[in-house]
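Student: One structure is given below, represented as structure tokens, and several questions about it will come after.
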Amino acid sequence: DFLAPPSERSLTAGWNAVGFVGTAPATARDTLLSVNAQWTTLIGYDAGTQTFDPGIVNGGSGANADTRSIYPGRGYWLYMTGPGTLCAIGM
């Protein structure tokens, strides 16, 4: 059987619109591991309520902790301090 390589997406410095694949939530820290040195802030958007979630900060704590879950199929804004390649953690 042929196994496809993991999905990758090139990101630029500044704000990037991103989403995640998978069937279950994962922490922001785990999901963004491939760009750990470049990301600073992740902000989710709830299309149902038309509101933004509190920001998740790389290395943050409390309400902004990077151990918060993010969800497949939702849209997020990701701030990058430099370019990087975001790799999928699950399919």
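The values are calculated or read from the model by the stated rules, or taken from the named source; none is laboratory data. Treat the numbers as computed from the prediction; the structure is a model and nothing was measured. Cβ sites come from the backbone with ideal geometry, for glycine too, and all protein chains shown count toward neighbours. Quick note on the areas: whole protein, heavy atoms, side chains included, nothing else; ligands and nucleic acids left out. Shrake-Rupley method; radii C 1.70, N 1.55, O 1.52, S 1.80 Å.
Student: Check the stretch 20-35 and report whether any residue there is charged (D, E, K, R) and touching a strand residue (DSSP E or B) at 6+ places or on another chain (Cβ under 7 Å).
Tutor: Filtering the stretch 20-35 down to residues charged (D, E, K, R) leaves 29-30.
Filter once more, so that each one left must be touching a strand residue (DSSP E or B) at 6+ places or on another chain (Cβ under 7 Å): none.
No: the stretch 20-35 contains no residue that is charged (D, E, K, R) and touching a strand residue (DSSP E or B) at 6+ places or on another chain (Cβ under 7 Å).
Student: Residues being surrounded by fewer than 18 Cβ atoms within 10 Å (Cβ to Cβ) and not in a loop (DSSP other than H, G, I, E, B): count how many of those fall in the stretch 80-89.
Tutor: Final tally of qualifying residues: 2.
Student: If you go through the stretch 16-37, how many residues are part of a loop (DSSP other than H, G, I, E, B) and open to solvent by 50 Å² or more (accessible area, probe 1.4 Å)?
Tutor: From the stretch 16-37, those part of a loop (DSSP other than H, G, I, E, B) are 19-25, 32, 36-37; that's our starting set.
Applying the additional criterion that residues be open to solvent by 50 Å² or more (accessible area, probe 1.4 Å) yields 21, 23-25, 36-37.
Residues in the stretch 16-37 being part of a loop (DSSP other than H, G, I, E, B) and open to solvent by 50 Å² or more (accessible area, probe 1.4 Å): 6 in total.
Student: While we're here: Kindly list, by first and then second residue, each pair from a residue in the stretch 1-22 that is at pLDDT 80 or above to a residue that is open to solvent by less than 30 Å² (accessible area, probe 1.4 Å) and among the polar types (S, T, N, Q), limited to pairs with Cβ atoms under 6 Å and residues at least 6 apart or on different chains.
Tutor: From the stretch 1-22, the pairs are F20/T31.
Student: For residues that are of a type in the set (A, V, I, L, M), in contact (Cβ under 8 Å) with a residue 24 or more places away in the chain and in a strand (DSSP E or B), scanning just the stretch 42-77, find the one that is surrounded by the fewest Cβ atoms within 10 Å (Cβ to Cβ). So that I can check it myself, show each step before the final result.
Tutor: Filtering the stretch 42-77 for residues of a type in the set (A, V, I, L, M) gives 42-43, 47, 56-57, 63, 65, 70.
With the extra rule that they be in contact (Cβ under 8 Å) with a residue 24 or more places away in the chain, the set shrinks to 42-43, 47, 56, 70.
Narrowing the set further to residues that are in a strand (DSSP E or B) leaves 42-43, 56, 70.
Numbers: L42: 23, I43: 15, I56: 26, I70: 23.
Ranking the qualifying residues of the stretch 42-77, first place goes to I43.
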